[in-house]
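Engineer: One structure is given below, represented as structure tokens, and several questions about it will come after.
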Amino acid sequence: MIQTWWSRRRLRARVFLPFSALLVATLLATLWLVNSAVSRQAAAGLRTQVRVTGRVFEGLVRERGERLLTDVGLVAGDFALKRAMATFDPETLTSVAVNYRERLGLDLLWIADEKGVLLADAQERARAGFEVAGLAPLEAAIAGRPAAVVNELGGALYQLAAVPVLAPDAIGYLLAGLAIDDATAAQLRRETGSEVTFVSGGRVLASSWPAARRREVPSIGAQRVEAALAKGATSYLARVGGERFLSLLMPIESALPQPLLALVQQSYDAALEPLVRLRRRLALIGGAALGGALLVGAALAAGIAAPLQSLVGAMRDVLGGDFRRRLQVRREDEIGYLTSAFNEMVAGLEERERIKDVFGRYVSRDVAAAVLSRGDVGVDRREVTILFQDVRGFTSLAEHTDAAVLVGVVNRMFTRMVAAVEGQGGIIRQFTGDGVMALFGAPVQHPDDPVRAVRAAVEMVRGLPELNREMTAEGLPALRIGIGIHTGEVVAGQMGPDQRVEYSVVGDAVNLASRVEGLTKELQATILVTGETAVRLGAEFRLGRRAVLPVRGKERPVEVVEVLV
């Protein structure tokens, strides 16, 4: 009877009653044990935090460079810039450079000709005719490998990026830069919570430390520099004005003569100060209460830990994908309620996965995930890349093929087309009878959606011979396809009445992509992309014929480019 009464008590009562006789001794002893465990982990936790901060810092620098490359690449494709460069007029080019620099928030913007000779400087600090081809980012751009590179100009650090201006061959280069100075270091401190210093060859090039304390930062020895270069990063304790700082030294890729390193520092003493104060208080705890508290604590821990460990094990199974996992409810206290809630949660997850799996058979998995998580994907205006694929001569094939066989052929083709699209992060918007309409950039955007679309098209074409061999073996004619791709702005989102909605895109870009697919028949090409898509492709693809053709529904002719497979 006592056991039944005890099993019905709430967890709070079951913990409080045994401790009531030894309240003070048990509480203080528990605090001491907690402090012992936490103090051992505090230093390791701070080191982990600094390393995580270092990774965040690396990500911020890398993202900054990628954004710089993207912005400059978009400017390089601006027709107004190309027209200005054709004038070779210094005043016109300087005005254009100043305009772009202010619009993009850049600290440096140079325009150079195709040989790397400076034509204009947005800040009018460098003279025209100055040779800049020797700068690392410009060398990379000339070599066809645009990249963001940290360089030193006039004693100051800049993150530089250079891209060619194509018309269609390179007629010049844009060199843009963002300063890495004290303000940059201060911004990184606000974002990471750590002091940041940039050093090279024993020189402090930028730092978030105030000028008064910057002199107190100890110099970095050659041995630590070598360790950072060899391992990618090295951590150590350093004193700054009598205070200990956990310091992480990591190299930054640059074009400087001496290695460029970032020193990320967080106060070690400040992180341990609460634990030091707690340790002093706990030193007063008597040893007499320790033994009794440990015995009672061990009994309570066993009663609490066992069901919680079962719950944790079940959670691990669910995280591994086992949504059929259930626990038996044997208690009526908080742990019993938690167990019941866990079973209900897992049942809900199992039902959600089933709905998601069924839903995903009828719409893109990206759309299904967005609808299930938010209930509404919304409507917005965005740039997407649209792909249309169509089978050549499908009407004739349909006339001479049994309906069931025809559906089987189409489904086998769609299996390969869908795999190619989804493998590159795109979605199938709709099946058009004998082809597909695919989207890249909606609902999930990627910075290289045009490249992904062309990759998917190439995979479609390369996967067709295997399907044709199967069909030929079955006595069916081989399939030929045409693919048209265009990049442009559309309105994307959930459309339709409340009773029947679907994720779709509308806009002139959709019609133009369909028209480009139709031009593949006229040009006898397999893959055609518009000029808007072609300028976003790199050296990964081989481009063939170019043509400017009239398109039904467009006042002006459209430039199309063949992608060779």
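The values are calculated or read from the model by the stated rules, or taken from the named source; none is laboratory data. What you see is a predicted model; the values in this text were computed from it and never measured. Methodologically, a virtual Cβ is constructed for each residue, glycine included, from the backbone with ideal geometry; neighbour enumeration extends over all protein chains shown.
Engineer: Looking at (1) surrounded by fewer than 21 Cβ atoms within 10 Å (Cβ to Cβ); (2) within 23 Å of Ser254 (Cα to Cα), find the lone condition where Leu74 falls short.
Structural biologist: Condition (2) is where Leu74 drops out.
Engineer: Could you list, in sequence order, all residues of region 512-557 that are closer than 22 Å to Arg455 by Cβ, β-branched (Val, Ile, Thr) and in a loop (DSSP other than H, G, I, E, B)? It would help to see each step written out before you state the result.
Structural biologist: Here is the first cut: in region 512-557, the ones closer than 22 Å to Arg455 by Cβ are 512-514, 516-517, 519-520, 523, 525-546.
So of that shortlist, the ones also β-branched (Val, Ile, Thr) come out as 516, 520, 526-527, 529-530, 533, 535.
Listed by number, the residues that qualify are Thr526, Val535.
Engineer: Can you tell which of Val34, Val52, Val56 is at pLDDT below 80, exposed (fewer than 14 other Cβ atoms within 10 Å of the Cβ) and farther than 30 Å from Leu338 by Cβ? Walk me through it before giving the result.
Structural biologist: Working: Val34 fails: farther than 30 Å from Leu338 by Cβ; Val56 fails: exposed (fewer than 14 other Cβ atoms within 10 Å of the Cβ).
Going through Val34, Val52, Val56 in turn, just one is at pLDDT below 80, exposed (fewer than 14 other Cβ atoms within 10 Å of the Cβ) and farther than 30 Å from Leu338 by Cβ: Val52.
Engineer: Applying the selection to region 483-504, what residues are modelled with pLDDT under 90 and surrounded by fewer than 22 Cβ atoms within 10 Å (Cβ to Cβ)?
Structural biologist: Pass one, region 483-504, residues modelled with pLDDT under 90: 492-504.
The answer is Gly493, Gln494, Met495, Gly496, Pro497, Asp498, Gln499, Arg500, Val501, Glu502, Ser504.
Engineer: If you go through region 468-487 one residue at a time, do you hit one that is under 30 Å from Arg67 (Cα atoms) and among the β-branched types (Val, Ile, Thr)?
Structural biologist: Here is the first cut: in region 468-487, the residues under 30 Å from Arg67 (Cα atoms) are 484-487.
When the remaining residues are screened for being among the β-branched types (Val, Ile, Thr), the result is 485, 487.
Yes, region 468-487 contains a residue that is under 30 Å from Arg67 (Cα atoms) and among the β-branched types (Val, Ile, Thr).
Engineer: On the given criteria, is Arg281 of a type in the set (Lys, Arg) and modelled with pLDDT of 80 or more?
Structural biologist: no
Engineer: For a quick check of your reading of the model, give me the residue pairs whose first member lies in region 448-470 and is in the same structural domain as Thr520 (by TED's automatic domain parsing), whose second is buried (at least 18 other Cβ atoms within 10 Å of the Cβ) and in a helix (DSSP H, G or I), with beta-carbon atoms closer than 6 Å and at least 6 apart or on different chains.
Structural biologist: As it stands, the answer is Pro450/Thr533; Ala456/Ala420; Ala456/Val421; Glu459/Ala420; Met460/Met417; Met460/Ala420, since those pairs meet every condition given.
Engineer: So for region 164-184 (the condition being among the β-branched types (Val, Ile, Thr), out of contact with any helix residue (DSSP H, G or I) (no Cβ under 8 Å at 6 or more places or on another chain) and free of Cβ contacts under 8 Å to residues at least 40 places away in the same chain), does at least one residue qualify?
Structural biologist: Yes - at least one qualifying residue is present in region 164-184.
Engineer: Looking only at region 206-226, count how many residues are of a type in the set (Gly, Ala, Ser) and free of Cβ contacts under 8 Å to residues at least 12 places away in the same chain. Full working, then the answer.
Structural biologist: Start the filter on region 206-226 by keeping residues that are of a type in the set (Gly, Ala, Ser), which leaves 206-208, 211-212, 219, 221-222.
Okay, now just the ones that are also free of Cβ contacts under 8 Å to residues at least 12 places away in the same chain, so 211-212, 221-222.
Final tally of qualifying residues: 4.
Engineer: Within region 167-223, track down each residue that is surrounded by 14 or more Cβ atoms within 10 Å (Cβ to Cβ) and within 30 Å of Arg546 (Cβ to Cβ).
Structural biologist: The answer is Ala167, Ala170, Ile171, Gly172, Tyr173, Leu174, Leu175, Ala176.
Engineer: Sticking with this structure for a sec: Any residue at all in region 74-91 that's touching a strand residue (DSSP E or B) at 6+ places or on another chain (Cβ under 8 Å), under 16 Å from Val150 (Cα atoms) and either touching a residue at least 24 places away in the same chain (Cβ under 8 Å) or not hydroxyl-bearing (Ser, Thr, Tyr) (or both)?
Structural biologist: So far as region 74-91 goes, no, none of its residues is touching a strand residue (DSSP E or B) at 6+ places or on another chain (Cβ under 8 Å), under 16 Å from Val150 (Cα atoms) and either touching a residue at least 24 places away in the same chain (Cβ under 8 Å) or not hydroxyl-bearing (Ser, Thr, Tyr) (or both).
Engineer: Taking region 196-211, which residues are farther than 14 Å from Gly155 by Cβ and either among the acidic types (Asp, Glu) or not in a strand (DSSP E or B) (or both)?
Structural biologist: Gly202, Ser208, Trp209, Pro210, Ala211, listed by residue number.
Engineer: Oh, and also: Just checking, which of Val516, Val529, Val535 is surrounded by 21 or more Cβ atoms within 10 Å (Cβ to Cβ) and either within 29 Å of the chain's Cα centre (by Cα) or farther than 28 Å from Val379 by Cα (or both)? Break it down into steps so the answer makes sense when it comes.
Structural biologist: Numbers: Val516 fails: either within 29 Å of the chain's Cα centre (by Cα) or farther than 28 Å from Val379 by Cα (or both); Val535 fails: surrounded by 21 or more Cβ atoms within 10 Å (Cβ to Cβ).
Criteria check complete, one pass: Val529.
Engineer: I've got another one for you. Looking at Arg455, Arg469, Arg462, can you tell me which residue is assigned to a helix (DSSP H, G or I), under 34 Å from the mean Cα position of the chain (by Cα) and surrounded by fewer than 16 Cβ atoms within 10 Å (Cβ to Cβ)?
Structural biologist: Working: Arg455 fails: surrounded by fewer than 16 Cβ atoms within 10 Å (Cβ to Cβ); Arg469 fails: under 34 Å from the mean Cα position of the chain (by Cα).
After applying the criteria, what remains is Arg462.
Engineer: Let me ask another. Give, as residue ranges, the helices (runs of 4 or more DSSP H) completely inside region 356-431 that count at least 1 residues that are modelled with pLDDT of 70 or more. Lay out the reasoning, then the answer.
Structural biologist: On the way: elements: 365-374, 394-399, 403-423.
Counting at least 1 such residues, we get 394-399, 403-423.
Engineer: Could you figure out which of (1) more than 26 Å from the chain's Cα centre (by Cα); (2) farther than 22 Å from Leu256 by Cβ; (3) outside any loop (DSSP other than H, G, I, E, B) isn't true of Leu138?
Structural biologist: The single condition Leu138 does not satisfy is (2).
Engineer: Next up: Quick check on my filter: what residues within region 243-257 are farther than 19 Å from Pro218 by Cα and either surrounded by 13 or more Cβ atoms within 10 Å (Cβ to Cβ) or of a type in the set (A, V, I, L, M, F, W, C) (or both)?
Structural biologist: Our first condition is that a residue be farther than 19 Å from Pro218 by Cα; within region 243-257, this holds for 252-257.
Within region 243-257, Ile252, Glu253, Ser254, Ala255, Leu256 meet the criteria.
Engineer: Filter region 232-242 down to residues that are of a type outside the set (A, V, I, L, M, F, W, C) and surrounded by 12 or more Cβ atoms within 10 Å (Cβ to Cβ) and give me whichever is farthest from Leu263 (Cα to Cα).
Structural biologist: Filtering region 232-242 down to residues of a type outside the set (A, V, I, L, M, F, W, C) leaves 232, 234-236, 239, 241-242.
When the remaining residues are screened for being surrounded by 12 or more Cβ atoms within 10 Å (Cβ to Cβ), the result is 234-236, 239.
Numbers: Thr234: 10, Ser235: 9, Tyr236: 11, Arg239: 13 Å.
Checked region 232-242; the qualifying residue farthest from Leu263 (Cα to Cα) is Arg239.
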